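A short worksheet on the structure shown next.
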Amino acid sequence: MAARLSAVRADIADAARSARRDPAELTTIAVTKFQPASLVRELAVLGQLDVGENRHQEAQAKAVELEGLGLRWHFVGQLQSNKARQLRRYASFVHSVDRISLVEALAARPDDGKELIGAPGREPLGVFVQLSLSDDLGRGGVPPAELEALAERVLAAPGLVLLGVMAVAPLGEEPARAFARLREASDGLRRLAPAANAISAGMSGDFREAIAAGATHLRIGTAITGSRPEAR
Ligand SMILES: *Cc1c(COP(=O)(O)O)cnc(C)c1O
């Protein structure tokens, strides 16, 4: 995995230079869904501390097991509102906020009386609003017309910091074209909230296009971890 991680880091640096961007402004999140905690521990040893998960129970179990390694947990999957308070016990970032009811649930404090796992919870939770880049809303995200109203709710919510936008490139379209629409949405959002300038985009197959389109947070799974065990 060390070799894959350094190859990905080199590819990211190359793509940044081709886009005349500073690689230092990019955050790489290793997406470790379905992978065992032992793999996440290996990543931590390699200095890869930003990790992403897409299922609450799996993420929470890993966060408990790996507490103390300084990992920063990014939640990137679809989230039920009734899991939001528990998520705040371990997650530092949520990339997949796509409805107002979820904003309200996340703004509530972590479960009273329960220990926080690691450092988050004392800090504001970093939030990305997820934009749908296709008419098929099955992969999550709000339609472009609803993005600003959702962002305004995040801005008004105590304990949440709006960082920017997130999207997954749709199947069947060139990622560069889809990411151009994400970039436009980001430009629109920044007129409303200048500090919310982050763009979470780019996976193993399309991070170069995402970097060219201005992505600041890359969510990369298999290119770093190798193939995933079968979904359960
Ligand atoms: C799984 C996942 C990724 C990483 O995908 P890879 O193709 O393995 O790089 C990124 N973002 C989200 C939302 C995911 O669910």
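We did not get these values from a lab; they are worked out from the coordinates using the rules stated. Just so it is clear, the structure is predicted and the values come from calculations on it, not from any experiment. Counting neighbours? That spans all protein chains shown, and the Cβs are built from the backbone with ideal geometry, glycine included.
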Across (1) in contact with a helix residue (DSSP H, G or I) (Cβ under 8 Å, 6 or more places away or on another chain); (2) touching a residue at least 40 places away in the same chain (Cβ under 8 Å); (3) part of a loop (DSSP other than H, G, I, E, B), residue 8 clears everything bar (3)
Can you give me the number of residues within the range 61-77 that are in a loop (DSSP other than H, G, I, E, B), buried (at least 16 other Cβ atoms within 10 Å of the Cβ) and more than 14 Å from the ligand (Cβ to nearest atom)? 2
Among the residues of the range 206-226, which ones are part of a helix (DSSP H, G or I), buried (at least 21 other Cβ atoms within 10 Å of the Cβ) and within 12 Å of the ligand (Cβ to nearest atom)? 207, 210, 224, 225
Those residues of the range 195-205 which are within 11 Å of the ligand (Cβ to nearest atom) and closer than 24 Å to residue 161 by Cα amount to 200, 201, 202, 203
Quick check on this structure: which one of 57, 48, 80 is within 15 Å of the ligand (Cβ to nearest atom) and of a type outside the set (A, V, I, L, M, F, W, C)? 48
Single condition residue 146 does not satisfy, out of (1) within 16 Å of the ligand (Cβ to nearest atom); (2) surrounded by 14 or more Cβ atoms within 10 Å (Cβ to Cβ); (3) over 16 Å from residue 31 (Cα atoms); (4) free of Cβ contacts under 8 Å to residues at least 24 places away in the same chain: (1)
